[in-house]
Amino acid sequence: MKSSTQHMDDLLVKHLTGEATEAEMLQVEQWLAEDEANQHYFDHFKLIWEESVQLANVTEVDEQAAWQRFQHRVQEGSFPREKAAPVWSLNSSLMRAAVITGLIIGIAVLTYVLFHNNPGTVVRMATIQAAEAVTSDSLPDGSIVTLNKHSQVSFPEKFPDNKRSLQLNGEAFFTVKPDKKKPFEVHTNNVTITVVGTSFNVRSRGDTTEIIVETGIVKVATEKQTVVLTAGQKALTSLNETVLQKTANTDQLYNYYRSKKFVCDETPLWKLVDKLNEAYNVHIVFENDAIRNLPLTTTFDNEPLDKILNIIKSTFNISVTKEKGKIILR
């Protein structure tokens, strides 16, 4: 029986080639939602797939010579010979499995051909990761990425000539170096963000993705929709939605992990609480829903959490109680 890992790889290949049925698409989505590690696996799987296809399109290969070398390796016994296979119906499950397996083998052969005929063109990947602290670093093109905690970005060590492609898990702010000949692409969940030179924030947690543009113009695309965002606008979507929600961005809280400031301007209290939970790794909850939307206008500049809570307490005349690992606002 086929292992669960191999079965899922088959489904991912069908997903990437557009051959998955609705039931199989649902199975992939459920698998991605089960564990963040599954999303990481898929993101790397997808990025390697895309870079392999791109490399095949831009690399000149002596196919005949490469094929002769491949046959010679087979004759020497470097690869196992296959037994003659029975004839299957195109509609049979065995035939469908063979097609998917053939696609996977095709990638392996492609990698073999490109590596042995053009060893200098092998795509080497790099990763920048932020664990318990915010991390900022430069990319191969001179662009700057700032990663929020528990986030990472993967990319080729050297971008190809036609685009700059990255895979994001988590949240990051990008300051992109302009280059009209090489668009800058960020892939996360089911979303592709494309720019030339701009600055924007991408937050991808669970199945929800939010893009906020600070400067310039950003194109955001899913499989079914594309929207264009300008400075001060944002888009929100999730794996379960078919549309991108485009709205004006009404607060600056998204920027807290870079600026160390919580800027509130008539901001509902629940929005600030969400960011406090994330920034200070705490669990603040509302016992009284009536206070969730209380508007707050102030700026907390790298303040201790207790000081922030005391200001909230005095501003709205509410109580703040710490109980069993929670901070309760009532």
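The values are calculated or read from the model by the stated rules, or taken from the named source; none is laboratory data. This structure is a prediction, so every number in the text was calculated from the model and none was measured. A quick note on method: Cβ atoms are made from the backbone with ideal geometry, for glycine too, and the neighbour counts reach across all protein chains shown. Heavy atoms of the whole protein, side chains included, go into the accessibility calculation; ligands, DNA and RNA do not. Shrake-Rupley method; radii C 1.70, N 1.55, O 1.52, S 1.80 Å.
If you count the DSSP beta bridges with both ends in the range 132-269, what percent of them are antiparallel, to the nearest 5? Restricted to the range 132-269, the bridges split so that about 90 percent are antiparallel.
Here the mean projected area of the convex hull built on the C-alpha positions of the range 125-268 is 8.5 nm².
Averaged per residue, the range 238-298 has 53 square angstrom of accessible surface, using a 1.4 angstrom probe with ligands and nucleic acids left out. Projected label points at Ser259 and Lys149, each 7 Å from Cα along the beta carbon direction, are separated by 2.0 nanometres.
Diagonalising the gyration tensor over the Cα atoms of the range 212-330 and scaling each eigenvalue by 5 before taking the square root yields semi-axes of 31, 16, 13 Å, largest first. Peptides 166-176, 301-311, 267-277 ordered by packing proxy, namely the average of other Cβ atoms within 10 Å per residue, highest first: 166-176, 267-277, 301-311. Given contacts defined as C-alpha pairs under 8 Å and at least six residues apart, what's the relative contact order of the range 233-330, whole-number percent? Taking the mean separation of contacting Cα pairs over the length of the range 233-330, I get 24 percent. Placing pseudo-labels 7 Å out from each Cα toward the beta carbon at Asn288 and Ala33 gives an inter-label distance of 3.5 nm.
Charge tally for Leu236 (other residues, Cβ to Cβ under 9 Å; Lys, Arg +1; Asp, Glu -1): 0. For the residue pairs Lys261/Lys307; Lys234/Lys271; Lys163/Lys219; Lys182/Lys246; Lys149/Lys261; Lys149/Lys182, the alpha carbons lie more than 24 Å apart in Lys182/Lys246; Lys149/Lys182.
The gain in end-to-end length when the Asp207 to Leu26 segment is fully stretched comes to 63.8 nm, 0.36 nm per residue minus the alpha carbon separation.
Taken along the Cα-to-beta-carbon direction at a fixed 7 Å, the label points for Tyr280 and Thr298 span 1.2 nm. Electrostatic tally near Lys182: other residues with Cβ closer than 11 Å to its Cβ, Lys and Arg +1, Asp and Glu -1, net +1. Compared with the alpha-carbon gap, the fully stretched path from Phe316 to Glu132 is longer by 63.0 nm at 0.36 nm per residue. Calculated from the alpha-carbon coordinates, the range 198-242 shows an Rg and a Dmax of 10.4, 29 Å respectively.
Just the number, please: carbon plus sulfur as a percent of the accessible area of the range 215-286, 1.4 Å probe, no ligands or DNA/RNA counted. Percent of accessible area from carbon and sulfur atoms in the range 215-286: 51.
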